[in-house]
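Participant: My questions all concern the structure below.
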C-alpha cells in the first residue's frame, strides 16, 4: 500500500511538473499570440515581434506558423492550440489544412536531410509522423487526405511526391523541382519561379502541360480548386502584378486584376479569388475579391499595415499583416 501511494504521488508530481513546464515554455519560449474577437471576425496578434507565416484555412480550421511553432485556431469555438514542433525538433515549415487533416514538416535544423511530415487529425486530436521527407524544396499542399510536396532524400535530386494521410501510403508524382498544389486527385506544379505549369492525374497517371495565356514574370502564388488554377504573377519589371485563373484542361485564362502593386496571393476556394494589394500608401493595404462566376472586383477589407498572405474558404477570408514590427492574423466574412 505504501509503495503504491508513493508511486501515485510520484506520478502526480511528474504530471504537475510537466504541466508547469509546458506552461512556462508556452508563455516564455513559444510566446502564444493574443486572440481578440472583433465585430467582423478574429484578430490574432504576435508577441515580441514573432514572425507569422504559412497561412492555411479550410472551413473553421485556421493554421499558421508562429516563429518555429505551428498554431491551430478553431474559428467556431475560439480555441487556440499549439501543434508543433515535436520533441527534439527546432524547425517547422508552413502548414496545410483540409476538411479534416492538417500537415506540416519538422526537422532538427535548417537544411536537414531528415525532415519529416507530421499529420494532425482535427477531429480526434491525434498527431503523428506520417512520412519521411528529406530536404524540403516546397511547402506541403493538401486536399482531403492527399498531401503533395517537393523534396529530396538525396542531395540535389528533388522530386515531387506525397502521401495519403489516412493510410501513410507514399507516392511519386514526377522527378525534378516543382511547387505543387493539389485538388482531389489532380496535381499541378510550376517547374520554376515563373513556370511553366504541368498537370498530372494521380489515378491514371496522365500528364500534360498547362499553358495559360499572358503568363510571364515571377509567380507570387498558386491555388488549385477543382479544375481551375488561380495564380499571381509579377510583371517582368517586378513593380506590378496580375491575378488570373486558368482552366487546367483547356488553358483558357481569365484575368481578374492587372497593374496590382504589392501583390500578395492569390488564394482560391473554387468560388472566389482573393488577393491583397497596396492601397493609398505603403502602410495601407486592401484585401480584394472577385467571383469566378462573374462580376467586378470588390474590397473585402481595408488593412492598416502590409498584407503578406491571404487565404479564403467558403465565406471566410483570412490574411497575415505586419506593422511596426508586429504580425497579426485577421479574419472576416465575404460580403454577400
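Read-outs: derived from the displayed coordinates by stated rules, not from any lab. Because the structure is a prediction, the values reported are computed rather than measured. Note that we place each Cβ from the backbone using ideal geometry, even for glycine, and neighbour counts take in every protein chain shown.
Participant: Given a Förster distance of 25 angstrom, what is the FRET efficiency for residue 169 paired with residue 207, based on the Cβ-Cβ distance and rounded to 0.05? Working shown, then result.
Facilitator: Details: r = 20 Å, r/R0 = 0.81.
E between residue 169 and residue 207, to the nearest 0.05, is 0.75.
Participant: Continuing with this model, one more query. Pick from 289, 259, 54: which residue has the top mean-square fluctuation in a GNM of the chain where Cα pairs under 10 Å get a spring?
Facilitator: For the chain, modelled as a Gaussian network with Cα springs under 10 Å, the answer is 259.
Participant: Another question, then. Can you tell me the mean projection area, over all orientations, of the convex hull of the chain's alpha carbons? Units nm², please. All intermediate terms of the calculation are to be shown ahead of the outcome.
Facilitator: Numbers: hull surface 78.1 nm².
For the chain, averaging the hull's shadow over all directions gives 19.5 nm².
Participant: Continuing with this model, one more query. Against the longest principal axis of the chain, how steep is helix 2-24, in degrees 0 to 90 to the nearest 10, with axes from Cα atoms?
Facilitator: 30
Participant: For residue 74 and residue 154 in one chain, what is 0.36 nm times their gap in residues minus the Cα-Cα distance, to one decimal in nm?
Facilitator: Values: separation 80, 0.36 × 80 = 28.80 nm, distance 3.78 nm.
25.0 nm is the gain from fully extending residue 74 to residue 154.
Participant: Continuing with the same structure: With label points built 7 Å along Cα→Cβ from the Cα atoms of residue 184 and residue 31, find their separation and express it in nm.
Facilitator: The answer from the label model is 4.4 nm.
Participant: Choose one answer from 57, 142, 83: the residue with the largest mean-square fluctuation in a GNM of the chain with alpha-carbon springs under 10 Å.
Facilitator: Greatest mean-square fluctuation among the candidates belongs to 83.
Participant: Still on this model: What distance in nm separates the simple spin-label points at residue 126 and residue 109, each placed 7 Å from Cα in the Cβ direction?
Facilitator: Using points 7 Å along Cα→Cβ, the separation is 3.4 nm.
Participant: Continuing with the same structure: For n ≥ 4 DSSP H runs only, could you compute -39500 (n - 2.57) per run for the chain, divide by its residues and tell me the 222 nm figure to the nearest 500?
Facilitator: Counting only the DSSP helices, I get -2500 deg cm²/dmol.
Participant: Still on this structure, please answer the following. Just grab the label-to-label distance for residue 227 and residue 322, each label 7 Å out from Cα along the Cβ direction, in nm (one decimal).
Facilitator: Spacing of the two 7 Å Cα→Cβ label points: 4.1 nm.
Participant: Any chance you could run the full-extension gain for residue 237 through residue 45? It's 0.36 nm times the residue separation minus the Cα-Cα distance, nm to one decimal. Walk me through the intermediate numbers first.
Facilitator: On the way: separation 192, 0.36 × 192 = 69.12 nm, distance 3.41 nm.
Extending this stretch completely gives an extra 65.7 nm.
Participant: If you average the alpha carbon positions of the stretch 119-146 and of the stretch 239-278, how far apart do those two centres end up, in angstrom?
Facilitator: Cα centres, the stretch 119-146 to the stretch 239-278: 27 Å.
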